[in-house]
Amino acid sequence: MATDQAKFEEELNKFKQLEKDREKYINNRQQLESQLTENTLVKQELDLMDSDAKVYKLIGAVLVRQDLAEARANVDKRLEYINAEIKRVEDNLSDFETKMKTQQNKLMSIQEAARKKPA
Amino acid sequence: MTEESKGVPVADLSVEQVATLEKQLVSELEFFVESQNQLKLVLGRNDKSINALSILQDSQPGHTALIPLSESMYVKAELSDPSRAVVEIGTGYFAEMNRDKAQAFLERKKAYITKQIESLEKIIVDKRRMRAVLADALQQKIQAQLANMQMPPNR
């Protein structure tokens with residue numbers, strides 16, 4: 001009985017850890033999502049600009065003049081990177097989903113076994 | 001919209017399932033409300049920019065103003081060219097634009113933010129209603145279970 005309890009708790013802790021890690025990834029994803037939106041908006045604005053427009057990049061506390069073409073290329077690169085990251089996090093999340101399901105099944109079978117024993 | 005498809009099976013779910021669902025809904029709701037609040041702050045800041053720009057609408061070079069260098073320190077300055085403004089377009093990028101373009105940009109941003117706030121509002125209302133439904137169902141289920149536990153002494 002006591003070992004059942006201990007085993008159950010151990011598995012439960014594993015489950016909670018999974019849950020916590022998954023939350024981290026979800027937060028990560030949300031952050032990426034907002035970065036994606038912001039970068040997309042910047043891209044739209046840059047595309048609207050005349051070719052001789054003056055663009056500055058904030059580096060630390062200084063505004064540095066940047067070529068429009070360069071700024072566009074930078075934003076494109078960043079969009080690419082963010083999309084790749086989102087895909088990576090997404091894959092991880094679905095991984096977690098399956099892991100959590102197996103862990104949950106494990107927990108339930110332990111519970112089931114414990115319930116049958118004393119009867 | 002998903003209310004119908006969700007509303008029916010709620011009765012078939014176990015107490016744990018309803019509780020998890022409700023917990024999930026609550027955290028979603030928190031997230032959306034927080035996002036909306038942040039958007040409202042951004043909207044306010046954007047309105048300030050629009051306002052500032054409209055003050056400069058027909059000012060000439062040489063227009064003087066007190067420019068804040070910090071929250072509590074200002075310098076008197078002369079605008080060499082009030083027809084142009086440097087506007088932040090996001091992710092650390094700033095662009096120099098003439099007045100009309102700057103105004104168009106800010107209005108565009110305002111429309112975008114307002115749209116986001118509205119769509120969030122819809123989601124929030126929806127989630128609140130779903131949450132109420134779930135909370136009700138959960139309450140009923142717990143009551144039913146308690147009644148069940150009390151009625152037959154062995155079980």
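The values are calculated or read from the model by the stated rules, or taken from the named source; none is laboratory data. Note that the structure is predicted; figures quoted are calculated from it, not measured. Quick reminder, even Gly has a Cβ in these numbers, built from the backbone with ideal geometry, and neighbours come from all protein chains shown. Remember, those area values only see protein heavy atoms, side chains included, never the ligands or the DNA or RNA. Shrake-Rupley method; radii C 1.70, N 1.55, O 1.52, S 1.80 Å.
Computed quantities for the displayed model
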{"item": "Pick from the range A:1-41, criterion of a type in the set (Ser, Thr, Tyr) and either touching a residue at least 40 places away in the same chain (Cβ under 8 Å) or closer than 26 Å to residue A:110 by Cβ (or both), ranking: surrounded by the most Cβ atoms within 10 Å (Cβ to Cβ)", "result": "A:25"}
{"item": "Conditions (1) open to solvent by 40 Å² or more (accessible area, probe 1.4 Å); (2) more than 29 Å from the chain's Cα centre (by Cα): number failed by residue B:107", "result": "(2)"}
{"item": "Residues that are among the small types (Gly, Ala, Ser), in contact (Cβ under 8 Å) with a residue 24 or more places away in the chain and over 17 Å from residue B:142 (Cβ atoms), drawn from the range B:14-35", "result": "B:35"}
{"item": "Residues of the range A:45-59 classified as facing chain B (nearest Cβ under 10 Å), surrounded by fewer than 12 Cβ atoms within 10 Å (Cβ to Cβ) and at pLDDT 90 or above, total", "result": "1"}
{"item": "Hits in the range A:81-109 - residues which are within 14 Å of another protein chain (Cβ to nearest Cβ) and more than 30 Å from residue A:4 (Cα to Cα)", "result": "A:81, A:82"}
{"item": "Only listed residue being under 26 Å from residue B:105 (Cα atoms) and not in a loop (DSSP other than H, G, I, E, B), chosen from A:113, A:73", "result": "A:73"}
{"item": "Residues of the range B:41-99 satisfying the condition of being within 14 Å of another protein chain (Cβ to nearest Cβ), part of a loop (DSSP other than H, G, I, E, B) and without any contact (Cβ under 8 Å) to a residue 12 or more places away in the chain", "result": "B:91, B:92"}
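So that you can scan it fast, the table gives a plain yes or no per residue for (1) open to solvent by 70 Å² or more (accessible area, probe 1.4 Å); (2) among the aromatic types (Phe, Trp, Tyr); (3) more than 18 Å from residue B:14 (Cα to Cα):
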{"residue": "B:119", "(1), (2), (3)": "no, no, yes"}
{"residue": "B:126", "(1), (2), (3)": "no, no, yes"}
{"residue": "B:130", "(1), (2), (3)": "no, no, no"}
{"residue": "B:136", "(1), (2), (3)": "yes, no, no"}
{"residue": "B:140", "(1), (2), (3)": "yes, no, no"}
{"residue": "B:144", "(1), (2), (3)": "no, no, no"}
{"residue": "B:148", "(1), (2), (3)": "yes, no, no"}
